[in-house]
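J.: Just dropping this structure here.
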Amino acid sequence: MGVLSARYQYRDQCRSWPLVMMVVTVLFLTIVPGSVAEPKSPVFGNVSTSTTAASIPLAEVALRAYEVSTFLQKSLGSSASNVEIESIRRSLPLFTSEIVTKYRETMLTLRGYSSLSGLQDQQQLWQQKQAHAATWLKALTTRANQLDESLDKLPGLQQTWALTLEAGRISDAPPELLKQIERTLAMIASARAPLQEQWAAVLDMQSRIASHAALCGNVLEEIARARQSVVKGAFQPNRPPLWRSWQWVQVREALPSYSRDVAITFMTEIKLYVSNFSSLIVTVVLFAVVLVLVFFARRHMRQSVPAGKSRAFASEIFEHPYSASLTVVLLALTSPFLPLSAVCKMILQAVSIVPMILLLRSAVEPRMIRWLSVLGVLFAMDTLRQLFSGLMSVGQAFLVLESIIAMSIIGLVMTRKELNWPSRTEFPAVRDKLARLIACLLLFHFTVSLLAAVTGFMTLARLLTPSVLVGGYLGLALYALVRLASAMSVFFLDLWPLRNLRIVQNRREFLERRLYIILIWGAVLGWLSRFLHYMGLLEPSVSFAKYALSAKFERGAIALSLGDVLAFALTLWIAYLLSSFLRFVLRDEIYPRLKVATGRSYAASSLLHYFILTIGFLVGIGLMGVDLTKVTVLAGALGVGIGFGLQGVVNNFVSGLILLFERPVSAGDNIEFGGLIGEVRRIGMRSSTVRTYQGADIIVPNSLLINEQVTNWTLSDKKRRIDLPLGVNYGAEPNEVMRLLEELTRSHADILRTPPPQCLFVGYGDSSINFELRAWTDKFNDWPQVKSDLVVAVYHAVYKAGMSFPFPQRDVHLVHDSQAAPSAVDSCPIDTNGLAEELETQTTGGSAGIRLNSESGKYT
């Protein structure tokens, strides 16, 4: 009721509102000159920021109070920027701890003489830290400016709302309106202290992060100087010779403290990694997932009978589940993409050799296990050498020892003739000579490294021996991963739903072989990038490749680069591979399930192939920087020339499209035209290939298949009618003959019941009554054999029924002229009986027989 009475009271007061407004306006013009000149200036929402305070009209009090509330909430911590600042505040202690730990590790690395890859890793690490600090500084600076602006606005807002409260009291505003003004004033007053606290906290974090960013810059300068000295001092002695005795005294004095620093750094890095809960959880989950997969795969392979070389090899790999899981996890932890310290990565790399050798123990020859174990020992020694490279002579001693061991092993291998591997190639002698040449080069390589380490050329020595060890380690690691991935692919192809795919059932060996090739190429590229990274040549190689690919060849208005040409070729290659893969899936998986006819499937695949190649060509042209509108104009101009100069090619191309769309002739059809009979194997862009029954491939232009008369035996179906004419002796009953032949034909397995076989009486012959047997078969490709089998069956059935196949008979008349003079032939005595027998013997297998009629004296 109080609210209603106040509302009605306010409505009554509004009736005299014009008079009250005049009084208030005159009063304010007298007290505050110019107060009506700027009623509001919307900045930061619609909050007034004018230097001259003015009261707010009573009608806008509610709206402006809401704007002030929104402004204060945004300033105090309800915006996304404040969430980001809070995240920075929570992450800053951990970031500071990482900076301190990484600084100690980097200084330890710089005290020793690290490789180019180690310095490059340190540089990338500190660049990331510096970029992280710069991002935080940018966010803190933005937030500090916002807080400064908000604190600057508060006095003006407080004055404006104080004047508004005074004006509301003078104008006898409703009590609820006055209370809202008072709440807004209290809100403004209470916001000052939190804003000042946030402002001070932001400035404090800003100063701390700025000091971290400055430290990152100083460390990057030190690393740059160290890299420059390494590059320039490759052929300069930067250590005293190994035989100087005074340096060993210094080593003995510094060894305890240096070892303690290494241990502290390692333990600190481990604690830092363990304290990062998310990284630890990811590692544990990865190990558990791989272990469960390998255990499940091993059980599956044990239950199923290994068939084929790939399945047998996969079964051997899965017999080492813990080694496989440790290999995957350790190689993932030591990858350059994870922010693990260099010390931890070196130690984990040395440890990872053990599970890798155990994993490959059944996949390589037994004598290779010995050399892999030696590689592991040498790599572990090189890891110790890198950890203690800060001491003056310890690194030299390790390099000398590594080189001597490697040279001894190579000499032992060469003397025992273990380079003569059992070869499967046609040229085993060439392979043995190549292996011996590589061994000699490695022996020379380690000899140079040994001399460099002894004489103090440490930069050169650290470049030679560790490069071979790191290359061998990377090759071993990637080979283990390739073998494990190949075994997993064999296992996954056995699982549902992959095992139900037709392409897996029919082309399993092909798929396994292609997957293995892809894995091998991935491993080669990975080995090359990691090895170049270790040698410190990855960035220069990438820079040189970019420079070479971006070099322009300009000739008039044409400007091409090697990168554009490679992009065009790569686009076409990818389009071709994509088309081949899609057609392979369609041909072996989709079409058989949908029961698509051979002609339809071939037409669809061909059109898809042309479409993808066209899209790839257009994309490649665009990547080369060629304007497609100009290509359209050029294509239009060339179209006229093509139409006149290449009429036959264009005619055949268009005819090929007609064959694919209209499909009067499809791939797999049996056609006959121009004396040519065969099966259509392929319909190309210009010509088609017809395989004759004699085994010849005939190349037929597509225009001939469109313009000429073509008989397509299999356009609508694969049925073929067999017509068999035959004659039976005159004594046979025609109806009995037709019944016998029809029943015989119906009993044939390859003869269709619908339409039924039919035997027709076609006429009277000279020596027989003639019939024609007609039957249908759907074995189109085998219809000659079906007809042959039917002819043989008819032959036996006719003779079994007491009928026969008469041969034609002819009368031979020997005309004798009694008035003519007797010739030498007439005077010769003729044995008529012998002549008749001889003539009958010679012509029995022919089409006529001759016999002597003694009564008429004629030979018949």
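The values are calculated or read from the model by the stated rules, or taken from the named source; none is laboratory data. Everything numeric in this text was worked out from a predicted model, so none of it was measured. Ideal geometry is used to build each Cβ from the backbone, glycine not excepted, and the neighbour counts take in all protein chains shown. The area values use the complete protein model at the heavy-atom level, side chains included, leaving out ligands, DNA and RNA. Shrake-Rupley method; radii C 1.70, N 1.55, O 1.52, S 1.80 Å.
J.: If you check Leu525 against the conditions, is it surrounded by fewer than 19 Cβ atoms within 10 Å (Cβ to Cβ) and more than 22 Å from Ser408 (Cβ to Cβ)?
T.: Spelling it out, Leu525 is indeed surrounded by fewer than 19 Cβ atoms within 10 Å (Cβ to Cβ) and more than 22 Å from Ser408 (Cβ to Cβ).
J.: May I ask you to list the residues in segment 450-467 that are more than 17 Å from Leu384 (Cβ to Cβ) and either assigned to a helix (DSSP H, G or I) or of a type in the set (Gly, Ala, Ser) (or both)?
T.: Scanning segment 450-467 gives Leu450, Leu451, Ala452, Val454, Thr455, Gly456, Thr459, Leu460, Leu463, Leu464, Ser467.
J.: What are the residue pairs meeting all of these: first residue in segment 779-804, first residue in a loop (DSSP other than H, G, I, E, B), second residue open to solvent by 70 Å² or more (accessible area, probe 1.4 Å), Cβ atoms under 7 Å, and 6 or more apart or on different chains?
T.: From residues that are in a loop (DSSP other than H, G, I, E, B), there are no pairs.
J.: Cβ-Cβ distance below 9 Å, separation of 6 or more or different chains: which pairs start in segment 161-175 with a residue that is at positive phi and touching a residue at least 12 places away in the same chain (Cβ under 8 Å) and end on one that is part of a helix (DSSP H, G or I) and open to solvent by 30 Å² or more (accessible area, probe 1.4 Å)?
T.: Asp172/Gln13; Asp172/Val20
J.: Using the structure shown, decide if Lys552 is open to solvent by 70 Å² or more (accessible area, probe 1.4 Å) and farther than 30 Å from Pro336 by Cα.
T.: In short, yes.
J.: Which residue out of Ala144, Ala167, Ala173, Ala134 is among the aliphatic types (A, V, I, L, M), under 16 Å from Arg89 (Cα atoms) and surrounded by 15 or more Cβ atoms within 10 Å (Cβ to Cβ)?
T.: Only one candidate qualifies: Ala144.
J.: Next up: Could you tell me whether segment 674-691 includes any residue that is assigned to a helix (DSSP H, G or I), touching a Phe, Trp or Tyr at 6+ places or on another chain (Cβ under 8 Å) and modelled with pLDDT under 85?
T.: no
J.: Every residue in segment 173-195 that is over 14 Å from Gln73 (Cα atoms) and in contact with a helix residue (DSSP H, G or I) (Cβ under 7 Å, 6 or more places away or on another chain), please.
T.: Ala173, Pro174, Pro175, Glu176, Leu177, Leu178, Gln180, Ile181, Glu182, Leu185, listed by residue number.
J.: For residues that are among the polar types (S, T, N, Q) and buried (at least 19 other Cβ atoms within 10 Å of the Cβ), scanning just segment 83-114, find the one that is modelled with the lowest pLDDT.
T.: That would be Ser114.
J.: Starting from residues that are open to solvent by 70 Å² or more (accessible area, probe 1.4 Å) and either at pLDDT below 85 or in contact with a Leu (Cβ under 9 Å, 6 or more places away or on another chain) (or both), keep the ones in segment 714-730 and report whichever is nearest to Val762 (Cα to Cα).
T.: Out of the qualifying residues, it is Pro725.
J.: If you don't mind, another one. Which number in (1) touching a helix residue (DSSP H, G or I) at 6+ places or on another chain (Cβ under 8 Å); (2) at pLDDT below 80; (3) of a type in the set (S, T, N, Q) marks the one condition that Thr415 misses?
T.: Checking Thr415 against (1) touching a helix residue (DSSP H, G or I) at 6+ places or on another chain (Cβ under 8 Å); (2) at pLDDT below 80; (3) of a type in the set (S, T, N, Q), the one that fails is (1).
J.: Pick from Val468, Val448, Val454: which is in contact (Cβ under 8 Å) with a residue 12 or more places away in the chain, of a type outside the set (Gly, Ala, Ser) and within 25 Å of Val351 (Cβ to Cβ)?
T.: None of the others qualify; the one that does is Val468.
J.: State whether the residues of segment 493-506 include one that is charged (D, E, K, R), assigned to a helix (DSSP H, G or I) and open to solvent by 30 Å² or more (accessible area, probe 1.4 Å).
T.: Looking through segment 493-506, at least one residue is charged (D, E, K, R), assigned to a helix (DSSP H, G or I) and open to solvent by 30 Å² or more (accessible area, probe 1.4 Å).
Quick grid of which residues meet (1) exposed (fewer than 14 other Cβ atoms within 10 Å of the Cβ); (2) modelled with pLDDT of 85 or more; (3) closer than 22 Å to Gln122 by Cβ:
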{"position": "Gln158", "(1), (2), (3)": "no, yes, no"}
{"position": "Ala200", "(1), (2), (3)": "yes, yes, no"}
{"position": "Leu220", "(1), (2), (3)": "no, yes, yes"}
{"position": "Pro237", "(1), (2), (3)": "no, no, no"}
{"position": "Arg244", "(1), (2), (3)": "yes, no, no"}
{"position": "Gln250", "(1), (2), (3)": "yes, no, no"}
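J.: Here is a further query. Select, from Phe531, Phe611, Phe617, Phe544, the only residue that is within 30 Å of Thr714 (Cα to Cα) and part of a helix (DSSP H, G or I).
T.: That would be Phe611, the only listed residue that is within 30 Å of Thr714 (Cα to Cα) and part of a helix (DSSP H, G or I).
J.: Still on this structure, please answer the following. Just to verify a result, which residue in segment 263-285, among those that are farther than 16 Å from Phe95 by Cβ and of a type in the set (Ser, Thr, Tyr), is modelled with the highest pLDDT?
T.: That would be Thr283.
J.: Hey, another quick one. Consider Val710 against the criteria (1) in contact with a Pro (Cβ under 8 Å, 6 or more places away or on another chain); (2) open to solvent by less than 30 Å² (accessible area, probe 1.4 Å); (3) not aromatic (Phe, Trp, Tyr): it satisfies all of them except one. Which criterion is unmet?
T.: (2)
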